[in-house]
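Q: Let me begin by handing over the structure; questions about it come next.
Every number here is computed from the coordinates shown, using simple stated rules; none is lab data. Computed from a predicted structure; not experimentally measured. Positions of Cβ are generated from backbone atoms using ideal geometry, with glycine treated the same way; all protein chains shown enter the neighbour counts.
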Amino acid sequence: MLSLFVKLTLAMAADRLFGEARRWHPLVGFGKLAHTTERLIRMHLGQGRISGLLAWSATVMPLVALAWWVRDSVPGAHWIIDVGLLYLALGGRSLAEHAEAIAMPLAREDLPAARASLALVVSRDTESLSSEAIARAGVETVLENGHDAVFGALFWFCLLGGPGALLFRLVNTLDAMWGYRNPRYLHFGWFAARCDDALGWIPARLTALTYALLGKTRGALTCWRLQAAAWSSPNAGPVMAAGAGALGVRLGGTASYQGRSEVRPSLGAGQMPDANTIREAVRLVRNGAWLWFAVIAAGALVHAL
């Protein structure tokens, strides 16, 4: 337990100091590997669920198995593997930087710059978004990525070490690439989406609880209970409903994806978000990470005593 806490401290400090790698980030290479695997599997086996399962297995499992083998076979390697993989899996500083790149121009009403920054982190169409829609999208992506890039990685690291954090981020990345309900990925990406749902189920609810504890608790719990089930994703629903309630703002509504409008359920309660709400969402995620750190530190102390 003590070694886990030390590794956690080192990895979180590295993320805070250095953020994500600007060049040669491993997840970029993983994305290219996934594209190549998808192309080869589709070429020879089609685009059904079995093909998607095989592509997922060929892309994810060798990397996770290699990490586990090195960690357990090479003396002392568990320190490098655990700290290094958790650092690569965490995206707290990067999330804050991307959010500020949206909030800063939005606050000075430079909508073209805010839209351009938003387009780097969301899949929805951003070309004609109003200031309110930009703020809403910015808050939603911060809250959801708080789970994907921070709390989910921390949860699986605590359970399975560095390979666990790696598994979670690779599964989450493949869901972002293949987990669409469109003709191309409806069947091929089915397993990737369901696997992401399974691995994220518990950490998503812990994330929602974290948001509730650190924000407007009663409103967050009420929004979570009444609104989360209406969201299409079983994990994003609790996270964003509780987050919206904790911040006291309204999210959801109409969004456009590749020219197709999608009406999403309303989440939260209160006023509409603005540039400052994006920053408040970042603080909620950051304070949540500190809370998790304190809980793990307390557990390490109790275990040591």
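Q: Distance between Cα centroids, the range 31-98 to the range 142-171: provide it in whole Å.
A: 13
Q: I'd like to know which of Ile81, Phe188, Ser130 lies farthest towards the positive end of the charge dipole of the range 2-304, counting +1 on Cβ of Lys and Arg and -1 on Cβ of Asp and Glu.
A: Of the options given, the answer is Phe188.
Q: Next up: With a/c under 1.5 counting as rounded, go ahead and sort the range 163-305 into rounded, prolate or oblate using the C-alpha gyration tensor (a ≥ b ≥ c being the square roots of the eigenvalues; past the cut-off, prolate if a/b is larger than b/c, else oblate).
A: Oblate shape, in that a/c is at least 1.5 and b/c is the bigger or equal ratio.
Q: Taking DSSP loops as anything outside H, G, I, E and B, show the longest stretch in the chain free of trypsin sites (Lys or Arg not before Pro) there with at most 14 other beta carbons within 10 Å.
A: Result for the longest clean stretch: 185-305.
Q: Between Ser266 and Ala297, what is the spin-label point distance in nm, taking each point 7 Å from the Cα along the Cα→C-beta axis?
A: For the pair Ser266/Ala297, the computed spacing is 4.1 nm.
Q: Exposed loop GluC sites (Glu not before Pro) only (DSSP loop, at most 16 other Cβ atoms within 10 Å): please give the longest stretch of the chain free of them, not including the sites.
A: 128-305
Q: Right, another one. Using +1 on the beta carbon of Lys and Arg, -1 on that of Asp and Glu, and nothing else charged, what's the dipole of the chain about the Cα centre, debye to 20?
A: Approximately 280 debye in magnitude.
Q: Which of the three applies to the range 1-119, rounded, prolate or oblate, going by the alpha-carbon gyration tensor with a ≥ b ≥ c and a/c under 1.5 meaning rounded?
A: oblate
Q: I've got another one for you. P(r) for the chain: what percent of alpha-carbon pairs falls in each 10 Å bin, starting at zero?
A: Taking all Cα pairs of the chain, the binned fractions are 6, 26, 34, 25, 8, 1 percent.
Q: Would you mind checking which residues have amide H under 5 Å from Tyr257's amide H? H placed 1.01 Å from N; only 5 or more apart, or other chain.
A: Amide H to amide H, under 5 Å and 5 or more residues apart or across chains, Tyr257 pairs with Asp125, Glu262.
Q: Quick one: Karplus J couplings for the range 119-127, per residue in order, coefficients 6.51, -1.76, 1.60, θ = phi - 60°, nearest Hz, x for Gly and Pro?
A: For the range 119-127, the Karplus-derived couplings read 4, 6, 10, 10, 9, 6, 6, 10, 4 Hz, x marking Gly and Pro.
Q: Which ordering of Met43, Met104, Met240, Met61 is given by a fewest-first count of other beta-carbon atoms within 10 Å?
A: Ordered from fewest to most neighbouring Cβ atoms within 10 Å, Met43, Met104, Met240, Met61 come out as Met43, Met61, Met104, Met240.
Q: Return the long-range amide H neighbours of Ser266 (sequence gap of 5 or more, or a different chain), with a cut-off of under 5 Å between placed amide H atoms.
A: Close amide H contacts, sequence-distant or interchain: Gly253.
Q: For every other residue with a beta carbon closer than 12 angstrom to the beta carbon of Tyr185, add +1 if it is Lys or Arg and -1 if Asp or Glu, then tell me the sum.
A: Taking every Cβ under 12 Å from that of Tyr185, the sum is +2.
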